[in-house]
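Q: Sharing a structure, written as C-alpha cells. Questions coming.
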Amino acid sequence: MICDLYNVESTVATQPDIAWQPSLFGDEEPAIDRDFKNLERIQLDEQSWVDHAPAWLSSSDKLFHDIVETREWNQRSRRMYDREVLEPRLTSPWFLDSGEPLEPEIVEEMRQVLSARYEVEFDSVGFNLYRDGRDSVAWHGDRIRKEIEQPIVVLVSIGEPRRFLLRPKGGGKSTGFRLGDGDLLVTGGLTQRSWEHSVPKVKKAGPRISLAFRHGMDPKAYAGKALPT
C-alpha cells in the first residue's frame, strides 16, 4: 500500500517509550568520516543512484542518547478513510529558517560537510524515531518542490539496524539496505522522483533514529496542530 505520508492532520507531543539497550551508550564522542572513505555509489537505473557508506558516523551510541533526551518529539496523525490514525513512529523536525540552533553540535557538522560534498544547502533535518519493530513507514516519496528536478536526500541511521527498501514508483523489485549504527545513505539523480522507499514492520527490533537531511522540503510535510490533551 502506498501512503500519503504528508497528508498530516495534526501532531501531538509525546515522550519516547523505548526499551534502552546498554549497548546504545558509549563514552567516546561521535565523529564523521569527512573523507567518505567507505562510500560506494550504486546505480538503481540510468538516472537514479544511491551513495552508501557503512559506519560513516562512529561512536553513534552517544548521539542516539543525546537526541532522544534533547529533542521534542511528536506523533503525527492523518485521516485514513473515515478515521484518524497515528503514524507509527515519532518525529522531530528542524528547519534552517526557524532560528533554532541545530543540536547536538555533531549534527550541524554533518549538515555542513554533506552540504559541501553534494553542493546543496540542506535546510531541514527530520529526526525520525522508530521505537521498536511495530514502528514503520509505508511506501512513499518525499514531498520536495517540483522545480528541484533531482533532489538530494541524506539519511544517517543510528541505533539498531532496520531494513530500508527502495522500489520503482508504482511497484516492482525492491532494493534493500540494512541501516543503523552510523550508516549513511544518500539518494540522488531521479531516485526521489522515480522511486519509493519504506521501512517495513518487523517482529522484533530495538530503537533506531533516522536523520533525514533535505533541501527544498515542502513545509506542509510537517504541518499540523497539536491535538487536545
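The values are calculated or read from the model by the stated rules, or taken from the named source; none is laboratory data. Predicted model only: the values in this text are computed from it and were never measured. Because the Cβ atoms are built from the backbone with ideal geometry, glycine has one as well, and the counts that use them run over all protein chains shown.
Q: When you check Ser98 against the structure, is it farther than 23 Å from Leu39 by Cβ and free of Cβ contacts under 8 Å to residues at least 24 places away in the same chain, yes or no?
A: Against the criterion (farther than 23 Å from Leu39 by Cβ and free of Cβ contacts under 8 Å to residues at least 24 places away in the same chain), Ser98 qualifies.
Q: A follow-up question, please. Taking Val85 and the conditions (1) surrounded by 15 or more Cβ atoms within 10 Å (Cβ to Cβ); (2) among the aliphatic types (A, V, I, L, M); (3) more than 18 Å from Val154 (Cα to Cα); (4) without any contact (Cβ under 8 Å) to a residue 60 or more places away in the chain, which numbered condition does it fall short on, given that it satisfies the others?
A: (1)
Q: Moving on to the next point. Being surrounded by 20 or more Cβ atoms within 10 Å (Cβ to Cβ) and within 16 Å of the chain's Cα centre (by Cα) is the filter here; which residues of the stretch 41-52 pass it?
A: Scanning the stretch 41-52 gives a single hit, Val50.
Q: Continuing with the same structure: Could you grab me the full set of residues in the stretch 175-223 that are modelled with pLDDT under 95 and in a strand (DSSP E or B)?
A: Met217 - this is the single residue of the stretch 175-223 that is modelled with pLDDT under 95 and in a strand (DSSP E or B).
Q: Checking the condition touching a helix residue (DSSP H, G or I) at 6+ places or on another chain (Cβ under 9 Å) and either of a type in the set (S, T, N, Q) or surrounded by fewer than 18 Cβ atoms within 10 Å (Cβ to Cβ) (or both), which residue from Glu100, Glu121, Glu109 passes?
A: The conditions single out Glu121.
Q: In contact with a Ser or Thr (Cβ under 9 Å, 6 or more places away or on another chain) and either closer than 21 Å to Ile158 by Cα or part of a strand (DSSP E or B) (or both): is that true of Asp66 in this structure?
A: So Asp66 does not fit the description; no.
Q: Identify all residues within the stretch 178-196 that are without any contact (Cβ under 8 Å) to a residue 60 or more places away in the chain and in contact with a Phe, Trp or Tyr (Cβ under 7 Å, 6 or more places away or on another chain); write none if there are none.
A: Answer for the stretch 178-196, where residues must be without any contact (Cβ under 8 Å) to a residue 60 or more places away in the chain and in contact with a Phe, Trp or Tyr (Cβ under 7 Å, 6 or more places away or on another chain): just Leu179.
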